Amino acid sequence: MKKIFLLLSIVGVFGLTGCSNDDDVDYDTYPEIFEVDNVNFTQSGDYQILVPLNPKILSTDVVLVYRLSGANDLGNDIWEPIPTSYDLPEGSLKYFFDFSQDDVVIYLDADFDPILRQDFSLNQIFRIVLVPGYVAENLDNNDFDTVMSAIKEANGSTEIKTIK
């Protein structure tokens, strides 16, 4: 009887050590949206804004940034993906961003003084969308509504937390 118990114990130990725990993929990250309003791109701020991420995101997560560019005929917000550029009468203007695990930096760059176009440089509204890496793999980020639908489906929820 002792030999059978010993044999079962050894088999059990080897069986348990054969199990794997996939800690590299974070399937339980709850996606969040940070809405940043009243953004003013000025020369004194080097035409950029820093948005800290608290808590830090995972190295596998992806950040998407959208700018509120107006509203449609029904009054719904139109969110355009960043990076984006414009050819204006004054010259070209573009928004772009970079991110780390700690923060997101949104830039406004133009070949003219951006303050000449206050409709692009002052009182801007951005949405920073944190997307778990496994959702972002096959995601078309050009359409804000498509991104939100994919995140909701992956999360198994109808609601995404928006932080203003």
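The values are calculated or read from the model by the stated rules, or taken from the named source; none is laboratory data. These numbers come from a predicted model, not from an experiment. Note that we place each Cβ from the backbone using ideal geometry, even for glycine, and neighbour counts take in every protein chain shown. Keep in mind that these areas ignore ligands, DNA and RNA; they rest on the heavy atoms of the full protein, side chains included. Shrake-Rupley method; radii C 1.70, N 1.55, O 1.52, S 1.80 Å.
Observations on the model:
- Exactly one residue out of 44, 20 is in a helix (DSSP H, G or I), at pLDDT below 95 and polar (S, T, N, Q), and it is 44.
- Per the listing 64, 68, 50, 130, the residue uniquely aliphatic (A, V, I, L, M), within 15 Å of residue 35 (Cα to Cα), exposed (fewer than 13 other Cβ atoms within 10 Å of the Cβ) and touching a residue at least 24 places away in the same chain (Cβ under 8 Å) is 50.
- Taken over the range 85-102, the criterion of being open to solvent by 30 Å² or more (accessible area, probe 1.4 Å) and either among the small types (Gly, Ala, Ser) or under 20 Å from residue 49 (Cβ atoms) (or both) is satisfied by 85, 86, 92, 94, 96, 97, 98, 99, 100, 101, 102.
- Hey, residue 114 within 11 Å of the chain's Cα centre (by Cα) and open to solvent by less than 20 Å² (accessible area, probe 1.4 Å) or not: no
- Close pairs (8 angstrom Cβ cut-off, 6 or more residues apart or separate chains): in contact (Cβ under 8 Å) with a residue 60 or more places away in the chain in the range 83-94, polar (S, T, N, Q) and not in a loop (DSSP other than H, G, I, E, B) anywhere: none
- Flag for residue 126 being at pLDDT 85 or above and farther than 24 Å from residue 71 by Cα: no
- Residue check, residue 121 of a type in the set (Gly, Ala, Ser), in contact with a helix residue (DSSP H, G or I) (Cβ under 9 Å, 6 or more places away or on another chain) and on the phi < 0 side of the Ramachandran plot: yes
- Subset of the range 74-84 that is within 19 Å of residue 148 (Cα to Cα) and in contact with a strand residue (DSSP E or B) (Cβ under 7 Å, 6 or more places away or on another chain) - its residue that is least open to solvent (accessible area, probe 1.4 Å): 82
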